[in-house]
1. Please go through region 18-29 and pick out each residue that is surrounded by 12 or more Cβ atoms within 10 Å (Cβ to Cβ) and more than 18 Å from the chain's Cα centre (by Cα).
2. So, residue 173, is that one touching a helix residue (DSSP H, G or I) at 6+ places or on another chain (Cβ under 8 Å) and loosely packed, with under 14 Cβ neighbours inside 10 Å or not?
3. Might you let me know whether region 96-109 holds any residue that is in contact with a helix residue (DSSP H, G or I) (Cβ under 9 Å, 6 or more places away or on another chain), more than 12 Å from residue 231 (Cβ to Cβ) and surrounded by fewer than 24 Cβ atoms within 10 Å (Cβ to Cβ)?
4. Can you work out which of the residues in region 72-90 that are modelled with pLDDT of 95 or more and surrounded by fewer than 22 Cβ atoms within 10 Å (Cβ to Cβ) is nearest to residue 133 (Cα to Cα)?
5. Restricting attention to region 124-151, which residues are within 23 Å of residue 107 (Cβ to Cβ) and within 12 Å of the chain's Cα centre (by Cα)?
6. Any residue in region 132-156 that is on the phi < 0 side of the Ramachandran plot and surrounded by fewer than 21 Cβ atoms within 10 Å (Cβ to Cβ) sitting within a Cβ distance under 6 Å of a residue that is assigned to a loop (DSSP other than H, G, I, E, B) and at pLDDT 95 or above? List the pairs, counting only those 6 or more apart or interchain.
7. So if I check each of 42, 37, which one is free of Cβ contacts under 8 Å to residues at least 40 places away in the same chain, more than 30 Å from residue 200 (Cβ to Cβ), crowded, with 16+ Cβ neighbours inside 10 Å and in contact with a helix residue (DSSP H, G or I) (Cβ under 9 Å, 6 or more places away or on another chain)?
8. Does region 1-17 hold any residues that are modelled with pLDDT of 95 or more, touching a helix residue (DSSP H, G or I) at 6+ places or on another chain (Cβ under 8 Å) and surrounded by 16 or more Cβ atoms within 10 Å (Cβ to Cβ), and which are they?
């Protein structure tokens with residue numbers, strides 16, 4: 001899709017020491033702030049974006065959405081939200097995860113993108129439909145939205161108590177799953193894609209990476225004290241969209 005960019009990080013290429021090695025991008029997991037800033041700078045440079053023009057979230061496993069037109073100020077309190085939406089081309093939105101499902105959405109015709117943090121509670125609460133709703137309020141159309149979900153714990157590994165699986169499946173039946181060893185499980189990514197499909201989003205792709213299984217990715221369920229991956233979404237700035245810069 002011309003003009004839209006989606007990116008998901010792995011754990012390598014940064015400067016964090018164990019247990020956060022190497023490319024920890026999370027600022028609230030116990031890693032040194034200057035190290036996280038260095039890692040975020042490296043990640044941004046690798047993607048060809050400005051690290052100071054990335055919007056991060058204070059994620060709380062809810063469904064609240066913030067519509068933004070620029071990064072939070074240096075002294076501003078980052079609001080507790082689990083999705084951010086913008087109609088500002090060239091502004092990158094980021095979501096942090098370490099097993100939860102990162103959701104990136106773009107409608108380049110309307111010039112609107114969103115990033116959402118869909119853990120089990122957020123998926124059940126409807127953070128992804130809330131993000132799509134905010135995009136629509138800015139002129140996006142579900143039929144034009146492209147959705148990408150990144151590395152997350154898979155439905156064959158995300159073991160939960162049976163009562164919890166029942167509760168999740170009551171909210172989103174597609175999330176019902178079973179582990180590879182035959183116990184109750186939840187598939188958050190499947191739930192997210194079902195929600196997107198119900199909203200009319202047909203252009204959807206999911207990563208095949210399970211964070212719990214992959215040593216190249218951070219996993220909270222596997223390691224507890226660990227770093228955070230990031231998903232980024234942005235649209236080419238207006239001058240690029242008109243053909244003066246690089247395409248997607």
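The values are calculated or read from the model by the stated rules, or taken from the named source; none is laboratory data. Given the structure is predicted, the values throughout are model-derived calculations rather than measurements. Glycine gets a Cβ as well: all are built from the backbone with ideal geometry, and neighbour counts include every protein chain shown.
1. Passing the criteria: 19, 20, 21, 22.
2. Values: touching a helix residue (DSSP H, G or I) at 6+ places or on another chain (Cβ under 8 Å): yes; loosely packed, with under 14 Cβ neighbours inside 10 Å: yes.
So residue 173 fits the description; yes.
3. Looking for residues that are in contact with a helix residue (DSSP H, G or I) (Cβ under 9 Å, 6 or more places away or on another chain), more than 12 Å from residue 231 (Cβ to Cβ) and surrounded by fewer than 24 Cβ atoms within 10 Å (Cβ to Cβ), one finds at least one in region 96-109, hence yes.
4. Filtering region 72-90 for residues modelled with pLDDT of 95 or more gives 80-90.
Among the residues that remain, those that are also surrounded by fewer than 22 Cβ atoms within 10 Å (Cβ to Cβ) are: 80, 87-90.
Details: 80: 18, 87: 14, 88: 17, 89: 19, 90: 21 Å.
The selected residue is 87.
5. Once the filter is applied, which keeps residues that are within 23 Å of residue 107 (Cβ to Cβ) and within 12 Å of the chain's Cα centre (by Cα), region 124-151 yields 127, 128, 131, 147, 148, 149, 150.
6. Correct list of pairs: 138/87; 142/200; 142/201; 143/200; 144/109; 156/179; 156/180.
7. Numbers: 37 fails: crowded, with 16+ Cβ neighbours inside 10 Å.
Of 42, 37, the one residue that is free of Cβ contacts under 8 Å to residues at least 40 places away in the same chain, more than 30 Å from residue 200 (Cβ to Cβ), crowded, with 16+ Cβ neighbours inside 10 Å and in contact with a helix residue (DSSP H, G or I) (Cβ under 9 Å, 6 or more places away or on another chain) is 42.
8. Selection gives 5, 7, 9, 14, 15, 16.
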